[in-house]
Structures are given as C-alpha cells and as structure tokens.
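A short write-up of the structure that comes next.
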Amino acid sequence: MANPSAPDPSNIAKAPACFGRGALGPLLIDVGADELDGDDVRRISHPLVGGVILSARNYKDKGQLRRLCESVKVVKRPSALIFVEQEGRRLQN
C-alpha cells in the first residue's frame, strides 16, 4: 500500500530535457510495504524519480530486502539509488 501522505510524482510536470535518456531524476521516494505494489511501480517509473528510501516497515529479513531492492532496480534500472533510513540516524546508500 502506497503512503497516502507521500508526494505523487505523477502530479509533477514532465521531466525537463536536462533529464535525458538514462539520467536519474532528482526525487527519492518511499515505498509502502515490504514488496512493490502497482502504485509503487508507477511512481518509481516516473522520470523525475531517481531512487527510493527504505525504512523498518520495508524490512522482514535479508532475503526479502534483497528481493525488494532487485525489484526496484528492475522497475527503474540497475543504477537506481536505494537508501536505508536507520530510524533517526543519517541516510546511507
């Protein structure tokens, strides 16, 4: 389930020309659960999105987290940025 309070990049105008083919967008977004749903896929696919931020709600175990990261990279591309929020600590990639 997508986070209803998260900004929806589909409401933002088309990506400017400076985000050419292959460029990652400037936005980092969260995903709602421990696997991607249709809304997550749609939002991650937007050209202004460059990666995702994961938190405790996205984590069950090491294998599941690996599959989630692989899913993000399939949807966006292998160089997508994936950050982990450590509940009050600095973001790390």
Potential lengthening between Gln64 and Asp34 on full extension [0.36 nm per residue; Cα-Cα distance subtracted]: 10.1 nm
May I ask you to compute the full-extension gain from Ala56 to Glu85, defined as 0.36 nm times their residue separation minus their alpha-carbon distance, rounded to one decimal in nm? 9.7 nm
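None of the figures in this text is laboratory data; all of them are computed from the coordinates on show. This is a predicted model, so every value here is computed, not measured.
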